[in-house]
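S.K.: I am attaching a structure below and will ask some questions about it afterwards.
The values are calculated or read from the model by the stated rules, or taken from the named source; none is laboratory data. Small disclaimer: the values here were computed from a predicted structure and weren't measured. Because the Cβ atoms are built from the backbone with ideal geometry, glycine has one as well, and the counts that use them run over all protein chains shown. Note: accessible area is taken over every heavy atom of the protein model, side chains too, but ligands, DNA and RNA are not part of it. Shrake-Rupley method; radii C 1.70, N 1.55, O 1.52, S 1.80 Å.
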Amino acid sequence: MMIVSFLDTTLGQDYATERLAMVREQIQRRGISNPTVLRALRSVPRHEFVPDDQRGLAYRDRPVRIGYGQTISQPFIVAFMTEMLELHHSSRVLEIGTGSGYQAAILATIIDTVFTIEIIPELAGQAGERLARLDYSNVNVRQGDGYHGWPSSAPFDAIIVTAAAQHIPPPLIEQLRDGGRMIIPVGTPFLVQSLMLVEKSGDKVKTRSLMPVRFVPFRRTD
Ligand code: SAH
């Protein structure tokens with residue numbers, strides 16, 4: 001009896017039950033099957049990436065407010081975008097739009113080194129501290145306008161943009177390795193946008209629209 005109630009308490013505290021249900025009902029049921037992606041979604045404590053007063057919403061099938069007018073994406077969108085990148089253990093990945101750091105933590109569970117850029121200084125600072133506290137030591141967070149990418153660490157095998165841009169930033173295409181993949185929502189702020197997959201092969205850049213999505217706007221410093 002003691003043991004049972006102890007286990008219940010432990011599970012309740014780390015939301016393991018909610019997390020497993022989230023993966024089963026929101027992610028697998030909608031067709032995500034990559035075992036590495038599913039394992040990452042099962043392991044990263046999503047409730048640690050939302051503000052205290054939003055914890056009850058952390059595992060719901062929706063985006064959650066993280067302050068400064070920004071949101072942490074819906075779990076399915078995180079899983080779908082991650083799966084589309086076709087990552088390998090040794091992939092070098094750049095994320096634009098660190099936000100809470102959740103997507104970066106998912107990437108860090110799958111690959112060796114993650115580079116991520118956030119334009120809002122407070123969010124960049126908080127995400128950096130959170131990722132360090134949770135031991136995601138393979139994530140490099142930088143504050144700045146991600147439009148310019150991270151030239152000194154390029155080329156990247158994959159780039160993931162988590163804010164909706166009006167066009168695909170040319171510097172990001174440049175910093176994609178030959179054979180690399182980028183996933184980016186493109187379209188008008190606050191209206192329906194298109195999640196685009198960009199594949200670079202030699203001089204050719206192939207783009208494909210995957211599904212309608214709604215992301216917060218990609219901002220510029222200038
Ligand atoms: N990937 C995040 C989702 C964050 S929402 C997560 O897992 O929580 C998108 C984020 O992109 C916001 O935090 C916003 O401030 C940031 N952003 C918008 N324009 C940007 C730009 N030009 N460069 C870097 N970050 C940007």
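S.K.: When the residues of region 103-120 are narrowed to those that are within 10 Å of the ligand (Cβ to nearest atom) and assigned to a helix (DSSP H, G or I), which ends up surrounded by the most Cβ atoms within 10 Å (Cβ to Cβ)?
M.R.: A104
S.K.: Show me the strands (runs of 3 or more DSSP E) entirely contained within region 132-222 in which 2 or more residues are open to solvent by 30 Å² or more (accessible area, probe 1.4 Å).
M.R.: Ranges flagged: 139-143, 176-186, 193-201, 204-213.
S.K.: Next question, about the same structure. Which members of region 60-102 meet the condition of being more than 7 Å from the ligand (Cβ to nearest atom) and assigned to a helix (DSSP H, G or I)?
M.R.: P75, F76, I77, A79, F80, M81, T82, E83, M84
S.K.: Which condition does L38 not pass, out of (1) assigned to a loop (DSSP other than H, G, I, E, B); (2) of a type outside the set (F, W, Y); (3) more than 12 Å from the ligand (Cβ to nearest atom), if it passes all the others?
M.R.: (1)
S.K.: In region 144-170, which residue that is out of contact with any Ser or Thr (no Cβ under 9 Å at 6 or more places or on another chain) and not hydrophobic (A, V, I, L, M, F, W, C) is farthest from the ligand (Cβ to nearest atom)?
M.R.: Checked region 144-170; the qualifying residue farthest from the ligand (Cβ to nearest atom) is P155.
S.K.: Can P51 be described as touching a residue at least 40 places away in the same chain (Cβ under 8 Å) and either open to solvent by 30 Å² or more (accessible area, probe 1.4 Å) or over 16 Å from V216 (Cβ atoms) (or both)?
M.R.: No: the conditions fail for P51.
S.K.: Which of (1) near the ligand (Cβ under 8 Å from one of its atoms); (2) β-branched (V, I, T); (3) over 12 Å from the mean Cα position of the chain (by Cα) is the odd one out, the single condition I173 does not satisfy?
M.R.: Tallying (1) near the ligand (Cβ under 8 Å from one of its atoms); (2) β-branched (V, I, T); (3) over 12 Å from the mean Cα position of the chain (by Cα), I173 fails exactly one: (1).
S.K.: Please name all residue pairs, on different chains or six or more residues apart, with Cβ atoms under 7 Å, provided the first residue is in region 169-190 and is of a type in the set (A, V, I, L, M, F, W, C) and the second residue is part of a helix (DSSP H, G or I) and open to solvent by less than 30 Å² (accessible area, probe 1.4 Å).
M.R.: M182/L172; I183/M81
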